[in-house]
1. Checking the conditions here, which among Ala265, Ala319, Ala280, Ala328 is among the hydrophobic types (A, V, I, L, M, F, W, C), surrounded by 15 or more Cβ atoms within 10 Å (Cβ to Cβ) and out of contact with any helix residue (DSSP H, G or I) (no Cβ under 9 Å at 6 or more places or on another chain)?
2. Scan the range 321-369 for residues that are farther than 20 Å from Ala394 by Cα and basic (Lys, Arg) and report the count.
3. Can you tell me which residue in the range 188-201 is nearest to the chain's Cα centre (by Cα), limited to those that are surrounded by fewer than 18 Cβ atoms within 10 Å (Cβ to Cβ) and more than 27 Å from Leu270 (Cα to Cα)?
4. Using the structure shown, decide if Val365 is farther than 25 Å from Gly14 by Cα and surrounded by fewer than 23 Cβ atoms within 10 Å (Cβ to Cβ).
5. Among the residues of the range 337-356, which ones are touching a residue at least 40 places away in the same chain (Cβ under 8 Å), of a type in the set (A, V, I, L, M) and buried (at least 23 other Cβ atoms within 10 Å of the Cβ)?
6. Just checking, how many residues over the range 412-424 are surrounded by 21 or more Cβ atoms within 10 Å (Cβ to Cβ) and under 21 Å from the mean Cα position of the chain (by Cα)?
7. Of the residues that make up the range 165-187, is at least one surrounded by fewer than 17 Cβ atoms within 10 Å (Cβ to Cβ) and of a type in the set (A, V, I, L, M, F, W, C)?
8. Has the range 291-306 got any residue that is closer than 22 Å to Arg402 by Cα, in contact with a strand residue (DSSP E or B) (Cβ under 8 Å, 6 or more places away or on another chain) and in a loop (DSSP other than H, G, I, E, B)?
Amino acid sequence: MDRIRIRGGNQLSGTIPISGAKNAALPLMIASLLTDKTLTLRNVPRLADVNLLLRIIRNHGADMSMDGKRAGGDTLAGETVHLTAAEIVDTVAPYQLVSKMRASFWVLGPLLGRCHEARVSLPGGCAIGTRPVDLYLMALEKLGAGISLDGGYVVAKAPGGLVGNRIVFPKVSVGATHTALMAAVLAKGETVIENAAREPEVADVAECLVKMGARIEGIGSSTLTISGVDRLHGATHDVLPDRIETGTYAIAAAMTGGDVLLKGARPDQLDAFQQVMREAGIDIKACDEGMRIKRNGSRLLPISVETRPYPGFPTDLQAQLMGLMTKADGVSTIRETIFENRFMHVQELARLGADITLQGDTALVKGVDRLVGAEVMATDLRASVSLVIAGLVAEGDTILNRVYHLDRGFETLETKLANCGADVERLSD
C-alpha cells in the first residue's frame, strides 16, 4: 500500500495548476445517463473516484472513450472523456460499487427520470457522519416516484414517468439537489426546487444540462425552476476548476511562508475562504491567471470560523485550515456545522505536536512553536491533506499512511507540491 513521505522545512514557490473539480465532474458524468447521445467532458481530473464512477456508469450501459495524450502536452492537464449511454442495459447499481463512493448513489435520479425505475444500493464513502438520503427520496416521491427499501437497496418506480412538483428542502443538501435536478429535467411539467444548494458545482451541472437541452431557471440561486422536456441531447462541457483544491494549495503555500500562483483558480468562488485567509495575515489576491498567495514568514494570526453551505466557509476546507492554525500565534476557534464526525484528523495532527481541544462541534486550536514529523494515518479525503499541510513545516519526516483517501480527490498532489520546492515523495511497498 502506498505511503507519502514529507520532509518539512521548504518554502513553496512557483505555479500550481488547478485541476477540474471532482465535486462537479462526478455528477456531470452521471448526467450522461440522461441522454442516448454523447456527452463530452473536458478538464476531468485523474482521480480514483472518477475511475470508480466510470465503472459504475459503464455497468448501466454507457460507453466511454478518452482522448489520448499528445506529444508535448501538459501532463497535469485534465482528461477529455466522451460518454454515450445509447441504451440503459441495467437499472441496478450494485452494493459492491456504490458502497465505495457516496456520489454514485446519485445515479438514482437519471435512471428514474429516463427509465422510470431504478434499484440502487444505499451509499458508502467517507466516514464523516451519517449523511442520510432521506432528502433524496423525499424529492423523488414529490415527483411521483414510489420508493421502497429492499435488502439495503432503494427501489424506485414511476411507471408513467415523473411529474413536476414543488420540492422544499428543510436543509441544504448538495446531493439531494443534484438528484432532484437530474430527475426533474425529464419530468412532465414544471418543478420548483426551493432551498436548493448554491454550490458552484451544482451550477456547473445545471449549465451543462441546459447545453443538453434542459430548461432551467435560477441557476446559482436557492430556487431552481425546471420545465421538463421529453429528451436531452449531447453536449460538450468544461468542468470548472476545483475550488477545494485551490483552497488546499493556498493553505499549503501560507503554511510554508511561500509565494505561489494557483493557475486557473476561480477566486470568485472562494470569497468566504479569502476573507478568513486575510484575517490570518495572508496576502491572497486574484490575478489574470488565477490566484496568488504570499506570506513573508510573519507569524500567522488566529481566526474564528464556522463551516456553512455555500457561500459560507466550505466544510471541505475545515481540516486544511485546522492544520494551518496549528502554527498560529494564539487560539483559533473552528466550528463544524455540516458533518458531525469531521474531526477525526485531530488525533493525527496531535501526533505531530498540535495542541487541539474538542468541545462538541468546536475545535480550539492553540498554535505551537514547532511540529515534529511522525507516522500518521489518513482517515478521510480532506483529513489526509491536512496532515500533508502540517508535514510541510514539521521537523523531520512525516509518513502518511492510507493515501488511497488522498488519491480519491487530489490529482498528482505530490508532483504539484514537489514542483514548487516541497520535499515530498510517494513510497510504494
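1. Ala328 is the lone residue from the list that is among the hydrophobic types (A, V, I, L, M, F, W, C), surrounded by 15 or more Cβ atoms within 10 Å (Cβ to Cβ) and out of contact with any helix residue (DSSP H, G or I) (no Cβ under 9 Å at 6 or more places or on another chain).
2. 2
3. Val192
4. No: the conditions fail for Val365.
5. Matches in the range 337-356: Leu349, Leu352.
6. Of the residues in the range 412-424, 3 are surrounded by 21 or more Cβ atoms within 10 Å (Cβ to Cβ) and under 21 Å from the mean Cα position of the chain (by Cα).
7. Scanning the range 165-187, I find at least one residue that is surrounded by fewer than 17 Cβ atoms within 10 Å (Cβ to Cβ) and of a type in the set (A, V, I, L, M, F, W, C), so the answer is yes.
8. no
The values are calculated or read from the model by the stated rules, or taken from the named source; none is laboratory data. Computed from a predicted structure; not experimentally measured. Every residue, glycine among them, receives a Cβ derived from its backbone with ideal geometry; neighbour counts consider all protein chains shown.
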